[in-house]
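Working notes, beginning with the structure itself.
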Amino acid sequence: MKHESEVLIIGGGVIGICSAYYLIKRGRKVVVVDKGEICSGSSYGNAGLVVPSHSVPLAAPGVLSKGLKWMFDSESPFYIKPRFDLELFKWLWKFRSACNERHVQKAMPFIRDLSFASLQLYEEFAAQNDLEFGFEKQGMLMVFKTEKGLKDGVEEAYLMQEIGLEVKILNPAEIQELEPNIRINAIGGVFYPQDAHLIPARFVRELARHIETEGADIHTNTEVLGFETSNRKLTTVKTTRGDFVADEVVLASGSWSPGIAKDLQIKLPIQPAKGYSVTVERPEKCPVRPLVLADAKVAVTPMGETLRFAGTLEMAGLDLSINKRRVNAILKAVPQYLPDIRPENQQLIEIWRGLRPCTPDGLPFLGRLSTYDNLTIAAGHAMIGLSLGPITGKLVSQVVGHEKPEIDLTMLKVERFG
Ligand SMILES: Cc1cc2nc3c(=O)[nH]c(=O)nc-3n(C[C@H](O)[C@H](O)[C@H](O)COP(=O)(O)OP(=O)(O)OC[C@H]3O[C@@H](n4cnc5c(N)ncnc54)[C@H](O)[C@@H]3O)c2cc1C
């Protein structure tokens, strides 16, 4: 028996589930398939930040040279595992071309608009009675220990200010005033009051539960293996649990999207970038808002009764093994900034790793292709997929519905790299 639906979504992460939500709101009959449980990919254990302040794309001047400098340091926050991988070389070449001022100037206001639109949708979700996901709008505080880090952080803050974000540059006394419950060792900081945070897995799973009550059909442990096509259309989606047919298909499988798209002769330049998080029981002395320990590139996010430390960006393909040295590097950084917190003395809840789906220019892919009439791609959100989840879902519902998207999607064209 074939499973039938109007729209089939491949991937039950934040992008797939938000897309399902807005499609259902438009009256579409939706099926979601995921090879694991709902929210078992990158959307599960991330830092939970909803951050208009992160409007500089990953591809920015200086990033690659820093990455190459760090390449042989297994504790560095950015690491490319040395290996022969043609797709990685091609990706790095495209990334190198995108690391320029012109791209950053063009991408920043665009990411800002997407981020604020998404933040507003999160506020709408949080106001809904049946959704509780620890959403708080307390801003985000970046703290610095080195002069060079502070200088770069302040420069970036002025860039954000120029595109309209609220920014406060703080000295150590002002940092302490903002976070009086906990000692912070820093020479300066930047506060972004418009940022927010939430508990990511709770959000995605609550929303999945909600859409099920609205009629969505969710199939977990159902892995997509390939497709049958005819006349520019995907006619059958073949999975480990049988065949699915749908009028429209949305590919929202994060870092796994290129492997799935390959069966359709579609090349998606997405490289997985592994990151880790360690969640512990909330310590007695705890910040009230997320902090970014900027020089160490570690995020510290209070999430209900827990505190999460997240960081590192390791390009090692789809490998999900846990490198203990990198986990330890995250934990080691914490007491250097927050002497009241010794992560190893807190009750451990979970060590986790996930794969950020990174495109060469730091912008996701969102839209249809020239080759198939009933396929929409929504993948490649890198470090800001949680932030952009709701607006991506809303835009997907507009693309699938053949409506004019409320935000111009030219910069997100799937075929922009040829
Ligand atoms: C350490 C870390 C910290 C981060 N912090 C933040 C943050 O603070 N804020 C932020 O905005 N972003 C953050 N991110 C990035 C964010 O987590 C991702 O951008 C986002 O989760 C991507 O969502 P997604 O739905 O595209 O992918 P995923 O959540 O990975 O979902 C893809 C889904 O597709 C499924 N799938 C894969 N292959 C198949 C198949 N063949 N068949 C069926 N299903 C399949 C997978 O099982 C998975 O559930 C962080 C990431 C990491 C690693």
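The values are calculated or read from the model by the stated rules, or taken from the named source; none is laboratory data. Source: prediction; values computed, not measured. Here Cβ is always computed from backbone atoms with ideal geometry, including for glycine, and neighbour counts include all displayed protein chains. Protein only, heavy atoms only, side chains kept; ligands, DNA and RNA dropped before computing areas. Shrake-Rupley method; radii C 1.70, N 1.55, O 1.52, S 1.80 Å.
What order, most packed first, do the peptides 17-24, 338-345, 41-48 have when packing is the mean number of other Cβ atoms within 10 Å of each residue?
17-24, 41-48, 338-345
Out of every Cα pair in segment 229-300, what percent are spaced more than 13 Å from each other?
Roughly 79 percent, rounded to a whole number.
If ligands, DNA and RNA are left out, what is the accessible area of T235 with a 1.4 Å probe, given in Å² to the nearest 10?
About 60 Å², rounded to the nearest 10.
Cut-off under 22 Å on the C-alpha distance; same-chain residues fewer than 8 positions from K106 excluded. Which lysines are left, in chain and number order?
Correct list for K106: K94, K404, K413.
Take the alpha-carbon centre of segment 1-24, take the same for segment 124-184, and report the distance between them in whole Å.
Answer, in whole Å: 34.
Between M1 and E37, what is the spin-label point distance in nm, taking each point 7 Å from the Cα along the Cα→C-beta axis?
About 2.7 nm, to one decimal.
Need the full-extension length gain, H219 to Q265, defined as separation in residues times 0.36 nm minus the C-alpha distance. One decimal, nm. Numbers along the way, then the final one.
Numbers: separation 46, 0.36 × 46 = 16.56 nm, distance 2.57 nm.
Going from the current span to full extension adds 14.0 nm.
Please list 289-302, 27-40, 89-102 highest first by mean number of surrounding beta-carbon atoms within 10 Å per residue.
Per-residue mean Cβ counts within 10 Å order the peptides as 289-302, 27-40, 89-102.
Along the Cα→Cβ direction, 7 angstrom out, place labels at E228 and E101. What is the inter-label distance in nm?
About 5.6 nm separates the two model spin labels.
Using 12 Å as the cut-off for backbone N distance, which residues of segment 245-289 belong to the label zone defined by a point 7 Å from the Cα of K238 along Cα→Cβ?
263-264
May I have the extent of the alpha carbons of the chain along their three principal axes, as whole Å values ordered from largest to smallest?
So the three principal-axis extents are 64, 47, 40 Å.
Note the angle between two axes, namely the Cα long axis of helix 147-162 and the longest principal axis of the Cα atoms of the chain, as a number of degrees from 0 to 90, rounded to the nearest 10.
50
Quote to one decimal, in nm, the extra length available between F116 and Q128 on full extension: 0.36 nm per residue of separation minus the C-alpha distance between them.
2.4 nm
Based on the Cβ-Cβ distance of K25 and D373, what FRET efficiency does E = 1/(1 + (r/R0)^6) give at R0 = 22 Å, to the nearest 0.05? Don't skip to the answer; put the middle values down first.
Values: r = 24 Å, r/R0 = 1.07.
Calculated transfer efficiency: 0.40.
Summing -39500 (n - 2.57) over the DSSP H runs of n ≥ 4 in the chain and dividing by its residue number, what mean residue ellipticity at 222 nm do you reach, to the nearest 500 deg cm²/dmol? Don't jump to the answer; show the numbers that get you there.
Numbers: 10 runs with 133 residues, N = 418.
Taken over the chain, the calculation gives -10000 deg cm²/dmol.
Got a sec? Which residues in segment 305-325 would a label at E87 touch, if it sits 7 Å along Cα→Cβ and we count backbone N under 12 Å?
Hits in segment 305-325 for E87 at 12 Å: 316-319.
Write down the Kirkwood hydrodynamic radius of segment 15-66, to one decimal in angstroms, obtained as one divided by the mean of 1/r over all alpha carbon pairs.
On the way: mean 1/r = 0.0696 Å⁻¹.
Averaging 1/r across every pair of different Cα atoms and inverting gives 14.4 Å.
Between their Cα atoms, which of K262/K297; K90/K168; K35/K233 are more than 30 Å away from each other?
Those over the limit are K262/K297; K90/K168.
Which order do the peptides 191-202, 128-139 take when ranked by the mean count of other beta-carbon atoms within 10 Å per residue, highest first?
191-202, 128-139
Scattering from the C-alpha atoms of segment 92-240 alone, worked out with Debye: what is log10 I(q)/I(0) at q = 0.11, 0.18 1/Å?
The calculated log intensity ratios at q = 0.11, 0.18 Å⁻¹ are -0.73, -1.14.
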